Each structure stands twice: as structure tokens, then as C-alpha cells.
Amino acid sequence: MTANLRLLHLDADLAAIDKPPGLLVHPSALDAHEDRTALGLLEGQLAQKLYPLHRLDKGTSGVLLFARHVEAARQWGAAFEGGEVRKRYVALVRGWPAEQGVIDQPLARDPELPSTGQVRLAAVTRYLRLACHEWDFSVDGRHPTSRYALVEAEPLTGRRHQIRRHFKHIAHPLVGDTTHGKGAHNRAVGAWLGTQRLWLHACSIELPGTLRVEAGPGPEWRSLGIPYDGSP
């Protein structure tokens, strides 16, 4: 990983990067040994304090937005909290889900704790199936081939691990998800595609009436039907 992160947008209020997979957004007790974070690297790169406006899981790549001062953090943090910000992702999931759908399933606040006893918060994800794949390997021994699908997902709420948990709920977990997915499928697809990762990428963020920031998926996504955008 290079010292400098790829800047997608920079103005007086906001900075956006294309976060690589495997990089934490900020320090976390869940990964206490990891001292490299997107926040720390970008603060060093821009020589200033920054304020993360949202989170991406460590394994997720794509658009990540920071405020450059307190007032911007307050303004745009409220927009994220109020559901005014549109976010679009692509993901590789197990099986072939319906061509399109809405997953309306409340989720416990903290996915790291048992759900029993936790308050469940409203959570809605809209999705569109982009492509179906059937590959010539068997995972469970019952079928000679294995099926996966490329989907576009738009979370209409902002719960932790929302996309990952919602696709598990409809029995189409994300490939590469070590928490909510299946290890055998993760390993088989990683070997088939030559890349071990969480197959989830944040393609775009759109702030109301102000800004749209995009980041095309990396070259490892080309065989799934998404053209590589040529970015470094």
C-alpha cells in the first residue's frame, strides 16, 4: 500500500478518497494491533485534522468521505444521520437472488453482540441484480457447479454491516464475508478469481444538491462484468 491515498475530491469542506480493501477507517478496539488507518494516512497526507462522515468495513473498498472542519462535520454528519445521502455499492453474493428487490429487515444496533435483547433498528436496502455467474467448481459436493451474482445495492438506512447482514438474511451472503458468509465459498471463489477479499465496493456517494463522488471498482472486478476504470 502506498503512503498516499487516492484523492477523489478535495474542497474547502470535504475530502474523499478511494479506500483500498484491508484498511481500517479509524482505530478500532476490534483490530487493536492495526495502526494504519485511512484517517491517519489522510491526515498526514493533507497535514490537517479530519472528521470521518461515515464508515466502511475494513474489507470494503471505495468512496470514503471526510469533513475538513467541525462545521462541515456537523452539517454533513446530520445529512448522513437523516438519510439524505445516497450511497451505491456493488457486491458479489452467493446464489442468484431475484432480479431486484427491497430488503426491509430491522437490525440489532451492534452486530458484534448477540442480537437477543438488543433494540432492533429500522433498516432497508434496495438492490438490483446485474449479472449471474455459474462457475465450474463444486463447494458442497452436491452440485458440479456453483452460482454467484453481481448486485448493485443501495442502503436507504445506515446500520453497521447493513448490506452484509441483509444479504445473509435473504440467504445470499456476500462472498468474502468472514462473519456473515461461508468460509468454503469464500475460499473457493478466492481461488477461482485469484483474489481473496470481501467482495463489496462503494461506487458512489451523492450529497443532496451538492456533490457526487464516484470510484470505479478495481481490476479484480473485471471478470464479474464491471469494466476496470483504469485508475491507479
>> When you scan the stretch 149-161, do you find a residue that is open to solvent by less than 60 Å² (accessible area, probe 1.4 Å) and farther than 27 Å from Leu8 by Cβ, even just one?
In response: yes
> Out of (1) part of a loop (DSSP other than H, G, I, E, B); (2) out of contact with any Lys or Arg (no Cβ under 9 Å at 6 or more places or on another chain); (3) on the phi < 0 side of the Ramachandran plot, what's the single condition that is false for Gly117?
Replying inline: (3)
> Within the stretch 83-114, can you find the residues that are in a loop (DSSP other than H, G, I, E, B) and closer than 17 Å to Asp57 by Cβ?
Replying inline: Arg109, Asp110, Pro111, Glu112, Leu113
>> It is to be established whether one or more residues within the stretch 221-230 are surrounded by 14 or more Cβ atoms within 10 Å (Cβ to Cβ) and of a type in the set (Lys, Arg).
In response: no
> Within the stretch 112-130, how many residues are buried (at least 17 other Cβ atoms within 10 Å of the Cβ) and under 19 Å from Thr157 (Cβ atoms)?
Replying inline: 4
> Of all the residues that make up the stretch 32-82, how many are aliphatic (A, V, I, L, M), over 26 Å from Leu156 (Cα atoms) and assigned to a loop (DSSP other than H, G, I, E, B)?
Replying inline: 2
>> Return the residues of the stretch 205-220 that are among the β-branched types (Val, Ile, Thr), loosely packed, with under 14 Cβ neighbours inside 10 Å and at pLDDT 90 or above; say none if nothing qualifies.
In response: none
> Which condition does Trp199 not pass, out of (1) under 19 Å from Leu130 (Cβ atoms); (2) open to solvent by 30 Å² or more (accessible area, probe 1.4 Å), if it passes all the others?
Replying inline: (2)
> Considering the stretch 155-178 alone, what residues qualify as being of a type outside the set (A, V, I, L, M, F, W, C), assigned to a loop (DSSP other than H, G, I, E, B) and within 30 Å of Ala78 (Cβ to Cβ)?
Replying inline: Thr157, Gly158, Arg159, Arg160, His161
> If you check Asp104 against the conditions, is it over 18 Å from the mean Cα position of the chain (by Cα), under 28 Å from Phe167 (Cα atoms) and among the charged types (D, E, K, R)?
Replying inline: yes
> Residues in the stretch 131-140: is at least one of a type in the set (Gly, Ala, Ser), part of a loop (DSSP other than H, G, I, E, B) and within 26 Å of Gly22 (Cα to Cα)?
Replying inline: no
>> Just to be sure I understand the filter: pairs with C-beta atoms under 6 Å, separated by 6 or more residues or on different chains, first member in the stretch 71-92 and within 19 Å of Arg126 (Cβ to Cβ), second member of a type in the set (Gly, Ala, Ser) and crowded, with 20+ Cβ neighbours inside 10 Å. Which pairs pass?
In response: Tyr89/Ala153; Tyr89/Ala202; Ala91/Ala153
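The values are calculated or read from the model by the stated rules, or taken from the named source; none is laboratory data. For clarity, every value in this text was computed on a predicted model and none was experimentally measured. Ideal geometry is used to build each Cβ from the backbone, glycine not excepted, and the neighbour counts take in all protein chains shown. Just so you know, the surface numbers come from the protein's heavy atoms only, side chains and all, with ligands and any DNA or RNA stripped out. Shrake-Rupley method; radii C 1.70, N 1.55, O 1.52, S 1.80 Å.
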